[in-house]
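The values are calculated or read from the model by the stated rules, or taken from the named source; none is laboratory data. Computed from a predicted model, the values in this text were never measured in an experiment. Cβ placement follows ideal geometry from the backbone for every residue including glycine, while neighbour counts extend to all protein chains displayed. Just the protein is used for accessible areas: all its heavy atoms, side chains included, with ligands, DNA and RNA removed. Shrake-Rupley method; radii C 1.70, N 1.55, O 1.52, S 1.80 Å.
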There are 2 protein chains.
Amino acid sequence: MIETIQWNADGVVMIDQTRLPAEETYVTCRSYGEVADAIRTMIIRGAPAIGVAAAMGVAIGIAQAAPADLDAQFERICAELAATRPTAVNLFWGIERMKQLYASIRHLPVEQIRERLIAEAKLVREEDIEINRAIGRHGAPLVPDGRTVLTHCNAGALATAGYGTALGVVRAAVEAGKHIDVYADETRPFLQGARLTVWELQHDGIPATLITDNMAGYFLHAGKIGCVIVGADRIAANGDVANKIGTYGVAVLAKENNVPFYVAAPVSTLDLTLPDGTHIPIEERGEAEVTHLQGIRVAPEGTAVRNPAFDVTPNRYVTAIITEHGVARAPYLESLRELDGRDRLDEPILAGL
Amino acid sequence: MIETIQWNADGVVMIDQTRLPAEETYVTCRSYGEVADAIRTMIIRGAPAIGVAAAMGVAIGIAQAAPADLDAQFERICAELAATRPTAVNLFWGIERMKQLYASIRHLPVEQIRERLIAEAKLVREEDIEINRAIGRHGAPLVPDGRTVLTHCNAGALATAGYGTALGVVRAAVEAGKHIDVYADETRPFLQGARLTVWELQHDGIPATLITDNMAGYFLHAGKIGCVIVGADRIAANGDVANKIGTYGVAVLAKENNVPFYVAAPVSTLDLTLPDGTHIPIEERGEAEVTHLQGIRVAPEGTAVRNPAFDVTPNRYVTAIITEHGVARAPYLESLRELDGRDRLDEPILAGL
């Protein structure tokens with residue numbers, strides 16, 4: 001079992017995703033500021049994992065806060081964590097969940113507030129794993145047996161508290177006895193596919209083949225791919241999907257070649273306040289991610305760079321969105337609203353919580 | 001002026017494209033075997049440049065061959081050079097041109113044969129530069145003024161004897177007074193875009209912005225790109241285009257977003273013996289190009305890899321093919337045959353030769 005993020009007596013422990021696969025090292029964040037830095041520098045990344053990190057960041061912040069003027073400190077902690085990355089809505093969802101709890105317990109003694117926030121943050125983590133297993137169960141029947149799944153970026157155990165969204169569907173399909181393998185886009189510039197997806201699939205003994213991003217079209221056109229499954233960072237009310245840069249290109253190429261394109265994400269990734277994907281803020285990251293590889297400059301000095309970290313895939317390219325509440329299909333305006341409204345606790349799959 | 005390949009008293013001198021942009025070093029190939037190695041290891045690359053290298057390889061091979069049994073040696077030299085890389089037809093075109101000359105002069109004294117072959121190889125180089133200028137003149141009117149040109153890989157001076165095909169069109173548009181800039185796909189795995197295209201555009205003062213391959217769709221969708229221009233490694237009779245891996249994806253994304261997709265190539269890139277692109281052999285290169293970057297491993301040990309170096313873009317995605325004889329449009333079966341048949345020497349643009 002890959003432990004992406006955990007709470008322990010010293011702080012918030014994360015596997016350092018900037019150093020995988022060369023080194024399997026763990027970072028302990030001992031303050032909310034260190035959690036914010038870890039999110040910003042992508043020691044932890046992946047929308048659901050960022051949601052868990054944000055919740056734990058709030059909890060550690062209040063655990064260390066002076067008892068006086070707790071409300072103002074709570075706001076400051078939440079604001080700093082919210083300012084780390086703009087695109088993945090799970091970050092704001094995680095903070096909002098902690099805010100709602102805080103509002104209901106702020107009259108309690110500070111020691112109790114601290115305990116309750118820590119317990120909630122740990123619960124967010126545990127629930128995330130259960131949610132991913134539910135996504136896997138809903139998605140596994142969609143994966144064609146005996147075929148190859150193409151994925152982009154890492155929507156695996158490392159992008160979540162465990163098990164994964166897109167790779168959770170792959171894992172569930174394998175557990176259900178399907179014979180599948182995965183083609184992993186390397187996912188420039190941060191190489192989440194080459195470094196993280198291949199690593200965690202090797203870990204589980206699921207056959208994986210690494211390709212560069214620009215080879216996806218070749219294999220889709222060649223009939224090699226049975227379906228595409230990716231994660232998401234934010235999904236608008238109409239089913240437009242923000243995800244790692246390059247997802248849009250894969251989606252267009254999948255549709256052009258009649259290959260199903262699935263998005264796997266928890267309902268915490270839905271942002272039904274946005275009518276469509278044009279309203280999703282797209283983070284632009286630093287130039288060095290593009291001009292350098294592993295710290296070595298590849299482009300000439302003085303090269304101008306663009307580095308949008310995400311793109312938006314319009315809903316017409318999305319065959320289905322797989323959530324822990326079930327599978328949504330077009331028209332998404334209705335299906336997503338319906339899935340979002342389902343009471344999670346009614347789901348027998350979550351009865352264990 | 002960037003000198004990609006030249007003949008001098010010591011042998012065939014090439015700028016080492018595996019070391020750019022960090023180092024501007026030149027390699028002298030002193031035998032046909034060294035020329036073959038330089039093609040195989042991509043010290044020189046780009047379809048037209050490979051054609052020139054092949055012709056020079058034949059010339060240096062015969063220059064060093066023993067006078068006895070010259071026919072057999074000629075065949076062996078041609079066979080070794082032909083076995084270096086399979087996709088770019090210009091390689092075989094360059095060898096074939098030398099074969100035809102040899103057949104017509106093999107009765108001459110060996111010293112004269114040597115001189116004639118060397119003169120022919122030098123002529124192939126000089127003609128290539130003139131051809132690229134003609135491609136530029138035909139293509140420049142197609143480039144929208146005040147917009148951004150997207151290109152993939154390097155179809156520039158470094159991919160030819162000079163001036164470039166796709167970048168030749170860009171250069172000609174700039175020389176014609178158009179205000180344009182270039183977005184360059186980095187072009188994994190070999191990074192021809194990041195390393196070579198940006199470098200040579202900087203050299204000429206043409207504004208260039210580097211993006212990763214998977215960002216092309218984002219900028220095409222955002223309306224940022226006025227047109228796409230790429231080179232080609234082989235073009236079938238029906239207009240299907242083999243070019244650097246990832247070209248197909250860019251072409252599909254361009255069409256999806258109503259952006260013109262142009263291919264710039266000399267008629268020596270046409271292979272009218274092939275009815276369509278499914279017959280074009282696609283080179284698969286070694287795993288280390290994908291698992292390593294600048295010699296540093298990024299993917300885990302034991303990672304399975306696919307590494308097709310080219311893909312085929314079906315003709316329906318190609319807005320026009322720009323050659324030194326003029327611009328071909330669909331239906332390509334007729335337009336390419338017509339362009340191929342035009343007598344090059346009738347073209348006033350080549351009157352200087």
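When chain B is treated as a Gaussian network with alpha carbon springs shorter than 10 Å, the biggest mean-square fluctuation among B:Asp71, B:Asp271, B:Asp37 belongs to B:Asp71. Relative to one another, the C-alpha centroids of the stretch B:45-111 and the stretch A:125-200 are positioned 51 Å apart. The contact residues of the stretch A:209-233, meaning those that lose at least 50 Å² of 1.4 Å-probe accessible area when all protein chains sit together rather than their chain alone, are A:Leu210, A:Asn214, A:Met215, A:Tyr218, A:His221.
Residues of chain A were split at every exposed loop site, defined as GluC sites (Glu not before Pro) in a DSSP loop with at most 16 other C-beta atoms within 10 angstrom, and the longest piece left, sites excluded, is A:25-282.
For B:Lys178, a cut-off of 15 angstrom between C-alpha atoms picks up these aspartates and glutamates, skipping any fewer than 8 places away in its own chain: B:Asp145, B:Asp204. Rounded to the nearest 10 degrees, the angle from helix A:47-64 to the longest Cα principal axis of chain A is 10 degrees. Between copies, B:Gly326 shows label-point distances of 6.2 nm, shortest first, with the point placed 7 angstrom from Cα along Cα to C-beta. Around the amide H of B:Phe310, modelled in the peptide plane, lie the amide H atoms of B:Ile245, B:Glu283, all under 5 Å away and 5 or more residues distant in sequence or on another chain.
Relative to the dominant Cα principal axis of chain A, helix A:247-256 is inclined by about 30°. Projection of the Cα convex hull of the stretch A:259-300, averaged over all directions and equal to a quarter of that hull's surface, yields 6.1 nm². Give me the lysines in straight-line cross-link reach of A:Lys122: C-alpha distance below 23 Å, same-chain residues under 8 apart excluded. Qualifying lysines at Cα under 23 Å: A:Lys99.
The residues neighbouring B:Glu3, those whose beta-carbon lies less than 11 Å from its own, together hold a net charge of 0 under the Lys/Arg +1, Asp/Glu -1 convention. When +1 charges are put on Lys and Arg Cβ atoms and -1 charges on Asp and Glu Cβ atoms, the dipole computed for the stretch B:163-233 relative to its Cα centre reaches about 120 debye. If a/c stays under 1.5 just call it rounded; otherwise compare a/b with b/c (prolate if a/b is bigger, oblate if not). Do that for the protein assembly as shown, with a ≥ b ≥ c from the square roots of the Cα gyration tensor eigenvalues. It is prolate, given that a/c is not under 1.5 and a/b is the larger ratio. Given +1 at the Cβ of Lys and Arg, -1 at the Cβ of Asp and Glu and no other charges, the dipole of the protein assembly as shown around its Cα centre is 500 debye to the nearest 20. Angle between the Cα long axis of helix A:70-82 and the longest principal axis of chain A, 0 to 90 degrees, nearest 10? Around 20 degrees separate the two axes. When the helices of chain B are scored as -39500 (n - 2.57) per DSSP H run of n ≥ 4 and the total is divided over every residue, the value at 222 nm lands at -12000 deg cm²/dmol.
For the stretch B:27-169, the Kirkwood hydrodynamic radius from C-alpha pairs, put into Stokes-Einstein at 25 °C and a viscosity of 0.890 mPa s, yields a diffusion coefficient of 155 µm² per second. What is the stretch A:226-291 by shape, rounded, prolate or oblate, if you read a ≥ b ≥ c off the alpha carbon gyration tensor as root eigenvalues and call it rounded for a/c under 1.5, prolate for a/b larger than b/c, and oblate otherwise? Oblate shape, in that a/c is at least 1.5 and b/c is the bigger or equal ratio. Chain B residue nearest the rotation axis toward A, with distance: B:Leu293, 2 (Cβ to axis, whole Å). When a/c is below 1.5 the answer is rounded, else prolate if a/b is larger than b/c, else oblate, so apply that to the stretch A:144-251 with a ≥ b ≥ c taken from the square roots of the Cα gyration tensor eigenvalues. Rounded is the answer for the stretch A:144-251, as its axis ratio a/c remains below 1.5. Annotation: amide H-H contacts under 5 Å for B:Val305 (H modelled 1.01 Å from N, sequence separation of 5 or more, or interchain): A:Leu210. A Gaussian network model of chain B, with springs between Cα atoms under 10 Å, assigns the largest mean-square fluctuation among B:Gly326, B:Gly302, B:Gly246 to B:Gly302.
The calculated P(r) of chain B, using every Cα pair and 20 Å bins from 0, goes 32, 59, 10, 0 in percent. 3J(HN,Hα) couplings calculated from phi for the stretch B:102-117 with the Karplus curve 6.51 cos²θ - 1.76 cosθ + 1.60 (θ = phi - 60°) are, in sequence order, 4, 4, 8, 10, 5, 7, 6, x, 4, 5, 5, 4, 4, 4, 5, 5 Hz; Gly and Pro show x.
Remark: the stretch B:171-179, residue by residue, has Karplus-estimated 3J(HN,Hα) of 4, 5, 5, 5, 4, 7, x, 6, 9 Hz, where x stands for each Gly or Pro and the curve is 6.51 cos²θ - 1.76 cosθ + 1.60 at θ = phi - 60°. Residues of the stretch A:256-277 that bury at least 50 Å² of accessible area once all protein chains are present, compared with their chain alone (1.4 Å probe, heavy atoms only, ligands and nucleic acids left out), are A:Glu256. Each residue of the stretch B:119-135 was assigned a 3J(HN,Hα) from its phi angle through the Karplus expression (A = 6.51, B = -1.76, C = 1.60, θ = phi - 60°), giving 4, 5, 4, 5, 5, 4, 5, 5, 4, 4, 5, 5, 4, 5, 5, 5, 4 Hz with x at Gly and Pro. Here B:Lys255 is the anchor, and the lysines within straight C-alpha reach of less than 20 Å, apart from those fewer than 8 places off in the same chain, are A:Lys255, B:Lys224, B:Lys244. Between copies, B:Ser31 shows label-point distances of 6.6 nm, shortest first, with the point placed 7 angstrom from Cα along Cα to C-beta. Copy-to-copy label distances for B:Glu111, where each label lies 7 Å from Cα along Cα-to-Cβ, are 10.7 nm in order of increasing length.
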